[in-house]
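Each remark here refers to the structure printed beneath this line.
The values are calculated or read from the model by the stated rules, or taken from the named source; none is laboratory data. Not measured: the values here are computed from a predicted model. Remember, those area values only see protein heavy atoms, side chains included, never the ligands or the DNA or RNA. Shrake-Rupley method; radii C 1.70, N 1.55, O 1.52, S 1.80 Å.
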Amino acid sequence: MPADFNGTWNLVSSENFEGYMVALGIDFATRKIAKMLKPQKVFKQDGDSFSINTTSTFRTYLVEFTIGEEFEEDNKGLDNRKCKSVVNWDGDKIVCVQTGEKKNRGWTHWIEGDDLYLELRCEDQVSRQVFKRA
Ligand code: VLZ
């Protein structure tokens, strides 16, 4: 029985999002704004079909995917690079590999207790975020 990510989640802590953004080549002014944000994630999950909508007062980012099916991701409003992405289960975690110009790019989500965790990876940088149910 895989994990159920459905719901609305609010950011409560963030570690090294700055390093992750630098690795993605996000400009200084955008980083200053972005690191102040408290984004919300709305997960919709139906079996292996997901949508994750990350919203904030500054930018919004929607990604939709099915486990195991590669898709084109354009990262619009983030670094605007295109990559080929695929998300797979690793136990109760969902692991995204984003293949493109940036090495070692991807993310992992999992739930522990009532908290949603996110690890964001790009090149040698790792950012960790924790969300609580809204
Ligand atoms: O999350 O890739 O949940 O694809 C933050 C918006 C969105 C703030 C960060 C604007 C998206 C930042 C991180 C401007 C540079 C992300 C995935 C996993 C969904």
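Between the alpha-carbon centres of the range 1-37 and the range 76-134 there is a gap of 10 Å. Phi-derived couplings, Karplus 6.51 cos²θ - 1.76 cosθ + 1.60 at θ = phi - 60°, listed residue by residue for the range 7-22: x, 10, 10, 10, 4, 10, 8, 8, 10, 6, 5, 4, x, 4, 5, 4 Hz, with x used for Gly and Pro. Phi-derived couplings, Karplus 6.51 cos²θ - 1.76 cosθ + 1.60 at θ = phi - 60°, listed residue by residue for the range 121-126: 10, 8, 6, 9, 10, 10 Hz, with x used for Gly and Pro. In this structure, the pairs whose alpha-carbon distance is over 26 Å, taken from LYS41/LYS82; LYS44/LYS103; LYS44/LYS93; LYS76/LYS102; LYS35/LYS82, are LYS44/LYS103. Of the residues THR54, THR108, THR30, the one that moves most in a GNM of the chain with alpha-carbon contacts below 10 Å is THR30. For the chain, averaging the sequence separation of C-alpha pairs within contact (under 8 Å, six or more residues apart) and dividing by the residue count gives a relative contact order of 26 percent.
Expressed as a whole percent, the accessible surface of the range 1-117 that belongs to carbon and sulfur atoms is 51, based on a 1.4 Å probe. The mean of 1/r over all distinct Cα pairs in the range 1-83, once inverted, gives the Kirkwood hydrodynamic radius of 14.2 Å.
With Cα atoms as the point set, the radius of gyration and Dmax of the range 32-130 evaluate to 13.2, 37 Å.
Given a cut-off of 13 Å, what percent of all Cα-Cα pairs of the range 49-92 lie beyond it? Across the range 49-92, Cα pairs with separations above 13 Å total 61 percent. A simple rule links phi to the HN-Hα coupling: the Karplus curve 6.51 cos²θ - 1.76 cosθ + 1.60 with θ = phi - 60°, which for the range 27-41 gives 5, 4, 4, 5, 5, 4, 5, 4, 6, 7, 6, 10, x, 10, 10 Hz, with x for Gly and Pro.
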